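Peer 1: Please find one structure pasted underneath; my questions will follow.
Throughout, read-outs are computed from the coordinates displayed, never taken from laboratory work. Remember, predicted model here, so these are calculated numbers, not experimental data. Counting neighbours? That spans all protein chains shown, and the Cβs are built from the backbone with ideal geometry, glycine included.
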Amino acid sequence: GGQWNKLEVDMKDAVGTYKLSGLRNFTGGDLDVNMQKATLRLGQFNGNSFTSFKDSADRTTRVDFNAKNILIDNFLEINNRVGSGAGRKASSTVLTLQASEGITSDKNAEISLYDGATLNLASNSVKLMGNVWMGRLQYVGAYLAPSYSTIN
């Protein structure tokens, strides 16, 4: 039951650079991180993945990051399945990256949108120098919902 509780991180007055590392297979509920004056580095070390468990409610995990700058290193996965077996399907995940100055991925970064994933990028500047994989399948025959990406 606890996987659908909302987590809010309010660091709107924080300055400097913060690394989000080790957050793998985050399955929701919603996550809001507000760091409007800081730089946030995603994907550090072993990457980050945000996903959901498919259940009878077909809930959506919503993850929002708001920072001055967002830098993406290593890998960032959206709506990948957790574990193996038919009972471990993902529902849908919406990841929103909002940066007042810029969103940048380095040349070795990989952003993977699995089926059921939505990625929203909102910034004055977006530079994705690494790979972006859209519509990746979690397993054979899994394509139940398309992946979307919007750039504002």
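Peer 1: Quick query: amide H of Asp115 versus all other amide H atoms, modeled in the peptide plane; which residues come in under 5 Å with a sequence gap of 5 or more or a different chain?
Peer 2: The list, which skips near neighbours in sequence, is Arg136, Gln138.
Peer 1: Once phi is turned into ³J(HN,Hα) by the Karplus curve 6.51 cos²θ - 1.76 cosθ + 1.60 with θ = phi - 60°, what whole-Hz value does each residue of the range 68-77 show in order, with x for glycine and proline?
Peer 2: Per residue, the Karplus-derived 3J(HN,Hα) values read 5, 9, 10, 10, 10, 10, 6, 9, 9, 10 Hz.
Peer 1: Would you grab the residues whose amide H sits under 5 Å from the one on Asp64? Only those 5+ places off in sequence or on another chain, please, with H modelled 1.01 Å from N.
Peer 2: Placed amide hydrogens put Leu31, Asp32, Val33, Thr96 under 5 Å from Asp64.
Peer 1: Order by neighbour count: Glu8, Glu110, Glu77, fewest other Cβ atoms within 10 Å first, most last.
Peer 2: By the 10 Å Cβ count, ascending, the order reads Glu8, Glu110, Glu77.
Peer 1: Please give, to one decimal in nm, the separation of the simple spin-label points placed at Leu7 and Asp30, each 7 Å out from Cα toward the Cβ.
Peer 2: It works out to 1.6 nm between the two label points.
Peer 1: Take Ser49, Ser56 and order them by how many other Cβ atoms sit within 10 Å, fewest up front.
Peer 2: The fewest-first ordering by Cβ neighbours comes to Ser56, Ser49.
Peer 1: Skipping prolines and chain starts, which residues have an amide H placed within reach, meaning under 5 Å, of the one on Lys37, given they are 5 or more residues away or on another chain?
Peer 2: Those qualifying (amide H under 5 Å, at least 5 residues apart or on another chain) are Ala14, Lys68.
Peer 1: Which of rounded, prolate or oblate describes the range 4-53 when judged by the alpha-carbon gyration tensor and an a/c cut-off of 1.5?
Peer 2: Oblate, because a/c is 1.5 or more while a/b does not exceed b/c.
Peer 1: Kindly count the pairs of lysines across the range 6-137 whose alpha carbons are less than 26 Å apart, treating pairs on different chains or eight or more residues apart as eligible.
Peer 2: 19
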